[in-house]
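The values are calculated or read from the model by the stated rules, or taken from the named source; none is laboratory data. Here the structure is a predicted model, which means the values were calculated and not measured. Cβ placement follows ideal geometry from the backbone for every residue including glycine, while neighbour counts extend to all protein chains displayed. Surface areas here come from the heavy atoms of the whole protein model, side chains and all, with no ligands, DNA or RNA. Shrake-Rupley method; radii C 1.70, N 1.55, O 1.52, S 1.80 Å.
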Amino acid sequence: MNLILLTSVDSTNNYLQELSEKGLAEEGTIVLSLEQSKGKGQRGSDWESKPGFGLYVSILLKPKDWTVEKQYILNKAVAVGVAWYIDSKTDKDVRIKWPNDILIAEKKVAGILIENVIRGEMVSSVVAGIGVNLNQNDFTREFETPATSLKIITGKNFDPETEAVELFREVWKAYCQIIAGESETMEEHYSHYLFKRGERALFIKGEGLFYGVLKSVDASGAALIEENGRTIRATHPGTRFYLRDKRFRN
Ligand code: BTN
């Protein structure tokens with residue numbers, strides 16, 4: 001592990017990507033910033049990154065001979081690693097909301113933004129950006145998935161540098177497992193943590209809502225959802241869980 005600690009940056013993902021492109025970062029490099037001025041979330045959203053509240057890190061992975069089809073198991077491994085880390089902080093149930101949000105009690109405690117560099121048919125490098133809500137006491141903004149923090153869950157305060165090292169360890173452990181060919185075991189870990197697996201849940205697709213039962217997430221990252229006796233194969237973000245914060249509903 002090679003830790004780069006920054007006080008401020010636009011986005012740790014951008015910073016690490018640039019280092020990697022210039023050949024200045026090895027696999028296993030982790031960038032931690034105490035704040036981000038342009039923290040990036042999924043689907044072009046921003047990730048609020050004020051100092052003292054969250055953990056903002058990016059980890060560089062460079063799997064060898066890794067074909068593009070295998071990028072999904074990599075995404076799952078990163079999510080499992082983050083789930084292991086969060087699990088080590090609380091007795092409460094931790095879940096992975098398909099594809100890779102980390103929840104405690106149906107609220108999002110961590111988000112993941114994975115950015116791959118693809119060359120031809122191969123994944124040449126992966127920047128796994130991870131944001132963990134550490135010390136927030138409350139959230140007033142509206143999120144598609146209601147938010148929580150480790151502070152709200154445990155009552156404790158967390159130091160970003162200490163947490164970055166612990167988080168890295170768990171993500172690295174999961175990564176090493178798939179590199180060692182243990183993809184099936186990783187699928188089992190992911191399935192163990194999968195939010196609402198086998199339960200009736202509300203999904204949003206386009207403008208419409210529908211009820212379905214998430215059976216599993218296949219090797220290409222698609223969700224297999226049973227709806228009215230038939231199984232549909234759904235891709236993210238076209239189809240997503242609908243958990244909008246009730247506090248903000250009219
Ligand atoms: C999400 O929307 O759930 C993904 C959030 C990912 C945020 C992290 S914070 C560290 C890294 N740098 C970024 O700009 N984004 C990720």
Q | Kirkwood Rh and Cα Rg combined as Rg over Rh, evaluated for the chain | A | 0.95
Q: Once you have all Cα-Cα distances for the range 126-181, histogram them in 5 Å bins from zero and send the whole-percent values.
A: 4, 15, 19, 20, 16, 14, 7, 3, 1
Q) Using alpha-carbon pairs under 8 Å, 6+ residues apart, how would you state the relative contact order of the range 200-248 in percent? A) 34
Q. What's the extension gain from Met1 to Glu226 if we count 0.36 nm per residue and subtract their Cα-Cα distance?
A. 76.8 nm
**Q.** Entries of Lys50/Lys151; Lys50/Lys89; Lys62/Lys173; Lys92/Lys196; Lys97/Lys151 with Cα pairs more than 18 Å apart
**A.** Lys50/Lys89; Lys97/Lys151
Q: Report, to two decimal places, the Cα Rg of the range 57-143 normalised by 2.2 N^0.38 Å (N = number of residues).
A: 1.21
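With the other protein chains left in place, how much accessible area per residue, in square angstrom, belongs to the chain at a 1.4 angstrom probe? If you can, show how the numbers build up before the last one.
Numbers: 12280 Å² over 250 residues.
Accessible area per residue: 49 Å².
Using a 1.4 angstrom probe on heavy atoms only, work out the carbon and sulfur share of the accessible area of the range 2-193 in %. Write out the running numbers ahead of the final one.
On the way: 4070 of 8630 Å².
Accessible surface attributable to carbon and sulfur in the range 2-193 totals 47 percent.
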Q. Ranked by accessible surface with a 1.4 Å probe, highest first, in what order do Met1, Met122 come?
A. Met1, Met122
Q | Cα point-scatterer Debye curve for the range 200-248, base-10 log of I(q)/I(0) at q = 0.26 Å⁻¹ | A | -1.00
(Q) Let's see if you can work this out: charge +1 on each Lys and Arg Cβ, -1 on each Asp and Glu Cβ, no other charges. What is the dipole magnitude of the chain about its Cα centre, in debye to the nearest 20? (A) 780
Q) Efficiency by 1/(1 + (r/R0)^6): what FRET value for Arg233 and Asp159, r their Cβ-Cβ distance, R0 = 30 Å, to the nearest 0.05? A) 0.10
**Q.** Of Ile178, Val123, Ser149, farthest towards positive along the dipole that unit charges on Lys, Arg, Asp, Glu beta carbons give the range 120-232
**A.** Ser149
